[in-house]
Amino acid sequence: TNTRITDPELLERRYPLRVERFAVRRGSGGEGTHRGGDGVVRRLRTLEPLTVSMISGRREVGAPGLEGGASGRPGENLIDGATVDGSFIRDLPADSTLEIRSPGGGGFGAPPSRSKGP
């Protein structure tokens, strides 16, 4: 499905898999006066053999920050804990895990200075 955040119940009803984790990817947005938005994490477990195809971007370089803001963290895809490319087609056996960590957004504006008091 698309990053449009398909409901876990729909994924489980339509495909032979279980959603084990669906959460905000805390800290993935870049620092800035206005912090970039955090991505999401979805961990899926296959319940039977399944062919998975994925096309995902921003897996090598995160979204750039603007006006002094820091870049967001790049996304990651993992199969059974091992990092895989952003685009792939794989036949997965039953009881495999696919974890999708979407990238964070870039921050805007220089982060506030953290000056130490006198």
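Couple of notes before you dig in:
- Here G109 fulfils each of the conditions (1) without any contact (Cβ under 8 Å) to a residue 12 or more places away in the chain; (2) among the small types (G, A, S); (3) in contact with a Ser or Thr (Cβ under 6 Å, 6 or more places away or on another chain) apart from (1).
- Counted residues, segment 55-101 - those being part of a loop (DSSP other than H, G, I, E, B), of a type in the set (S, T, N, Q) and open to solvent by 20 Å² or more (accessible area, probe 1.4 Å): 2
The values are calculated or read from the model by the stated rules, or taken from the named source; none is laboratory data. Just so you know, these numbers come straight off a predicted model, no measurement behind them. So basically every Cβ, Gly included, is an ideal-geometry build from the backbone, and we count neighbours across all protein chains shown. The protein model used for the area step is the full one, side chains on, heavy atoms only, and it has no ligands, DNA or RNA in it. Shrake-Rupley method; radii C 1.70, N 1.55, O 1.52, S 1.80 Å.
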